Amino acid sequence: MSGALDGLRAALVSAFRAGLVELDPAGLVERALDAEAGARRGRVLAIAAGKAALGMTRGALRSWGDRITGGLAVTVADAATSARDRQKTPADPEEAALRPLRVMRAAHPIPDARSVEAAEAALAAVAALGPDDLLLALISGGASALLAAPPAGVSLADKQAIVAALLEGGAPIQEVNLVRRHLSRIKGGRLAATAAPARVLTLIMSDVVGGLPHDISSGPTVPDPTHVDDARAALHRRAPQLARLAPALSESLKPADARRLEARLLADPDKLAERVAAALADRAGLRAVAAPAEDGDARAIVARRLALARTLAPGDAVVIPCEPTLALPAQRGAGGRAGWIALAAMRDLPPDVALLCAASDGVDGSSGAAGAVVARAAAAAMADRGIEAALAGFDDAAAHRALGTRVETGPTGHNLTDLHIVARDVTLGARAR
């Protein structure tokens, strides 16, 4: 691959990282709470849940550390924390620094027994609040799996089966969370209902394209305008093999019930795209723009990325927040939707164009990477049949490892959905076209 394209690929990764730093969850929460006017009576209990829970908690404690009396911070378990839990070793310094909150970890995207334990702990904690108290809810993407409270008659195994069926069947996240909200004792505003009569302030880091507050992590502390009949229809359409669970679906908290609730959006996929576009302009001198967020079938998104790539002028870049759907077979390799899209598009890109597809949380499915950054020249290192086999087997992780196209960030403490960047090199463009 040419040095110029290597430089362009590196610039895309650098801008991606810079955008995440710009939207630091701790700083966003700290500034939001600093702006809260007036002293408040009573206790402040904090419940943080999601992939940004620890960062959001740090910000809350920096601003309101003298007022927060307790609560929970629930985030995703990783290999290191799981090993520590098995060995019953003391909490790490980061967790100790978040006291008086208790740090809990659970599985994602399929809930586990720890998810149930965390949800029960959250419900018990907020139930003790009174009319002068405040529940501070710090919600980020991923909390739907981390807080699981199946209703009566629904087992954890049932909940796991329905979430897996919806996700692997390619349902958009709005439909997945629609069913989750109506099949829960904590989602769909029920955590806020349990906290009554306390006031609830919810600060949100959104991972859903075009998402409204009730879409983010299935809205545990905000009212839900959808209805149980909507959830039943989605269940029958997307997972008919589990239709026996339809009677357990129930109505969620409605807007008319929520006068004591306030919610604020701190960051979303569009804001991430804007920050990354600014970083590309500042650091790489590209004419970068943030495009409207997209969702939809991964194969259609590949076609759109290639069509866009062909229209770019030298030095142009477009940054697109994206929530693709990709139906998965039971037997598949290791990979993720970002890496799959990058691999599917790679061979058909114009020779002077680079494409980055990456998950903002740093975890693209089971790939072990955030995603990939590719150009057509990278494909020369692998036979077409190898690429086709990786795509057909949803085994893109091995292909990107062999090609040297992986984007590796580790968990970022964010979850602002996927980001795609299409950019045309300014020095090669005139010759390549």
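Read the figures in this text as sums done on the coordinates, not as results from a lab. Please read these numbers as outputs of a predicted model, since none were measured by experiment. Here the Cβ is made from the backbone with ideal geometry for all residues, glycine too, and neighbour counts use every protein chain on show.
Here the chain is assigned +1 on the Cβ of each Lys and Arg and -1 on the Cβ of each Asp and Glu. Its dipole about the Cα centre then comes out at about 220 debye.
Hydrophobic, long helices, defined as DSSP H runs whose alpha-carbon span along the helix axis is 27 Å or greater and whose mean Kyte-Doolittle value is at least -1.0, occur in the chain at 3-22. Report the antiparallel proportion of the DSSP beta bridges in the chain as a percent, rounded to a multiple of 5. Bridges in the chain are about 35 percent antiparallel.
Result for the chain in a Gaussian network model with C-alpha springs under 10 Å: among Gly285, Gly170, Gly386, the largest mean-square fluctuation is at Gly386. Less than 5 angstrom separates the built amide H of Ala370 from those of Asp364, Val407, Glu408, Thr409, Gly410, all sequence-distant by 5 or more or on a different chain. Taking amide H positions as modeled 1.01 Å from N, with prolines and chain starts lacking one, the residues under 5 Å from Ala48 and 5 or more places away or on another chain are Leu72, Ala73, Val74, Leu138. For the chain, the relative contact order comes to 16 percent (Cα pairs under 8 Å, sequence separation of at least 6). Taking a ≥ b ≥ c as the square roots of the Cα gyration tensor eigenvalues, region 291-416 comes out rounded, since a/c falls below 1.5. Each of Gly336, Val374, His236 was scored by the projection of its Cα onto the charge dipole of the chain, and the greatest displacement toward the positive side belongs to His236; charges sit on the C-beta of Lys, Arg, Asp and Glu. Remark: the Cα gyration tensor places region 108-223 in the oblate category, a/c being 1.5 or greater and a/b not exceeding b/c. In the set (i) 22.0, 70; (ii) 23.6, 73; (iii) 23.4, 87, the label that goes with Rg and Dmax of the Cα atoms in Å computed for this structure is (i). For region 135-182, what does the alpha-carbon gyration tensor say about shape, rounded, prolate or oblate, given a ≥ b ≥ c as the root eigenvalues, a/c under 1.5 as rounded, and a/b over b/c as prolate? Oblate.
Taking the centroid of alpha carbons for each part, region 181-218 and region 11-30 are 25 Å apart. As I understand it, the dipole of region 219-322 uses +1 on the Cβ of Lys and Arg and -1 on the Cβ of Asp and Glu, about the Cα centre. Which of Thr226, Ala300, Val318 lies farthest toward its positive end? My answer, from the dipole projection, is Ala300. Between Glu262 and Arg31, residue separation times 0.36 nm minus the direct Cα-Cα distance comes to 81.5 nm.
Under 5 Å from the amide H of Asp395 lie the amide H atoms of Gly333, each residue being 5 or more positions distant or on a separate chain, with H modelled from the backbone and absent for Pro and chain starts. Springs join every pair of Cα atoms under 10 Å in this Gaussian network model of the chain, and among Ala137, Ala392, Ala293 the largest mean-square fluctuation is at Ala392.
Over the chain, dividing the summed -39,500 (n - 2.57) contributions of all DSSP H runs of at least 4 residues by the number of residues returns a 222 nm mean residue ellipticity of -12000 deg cm²/dmol.
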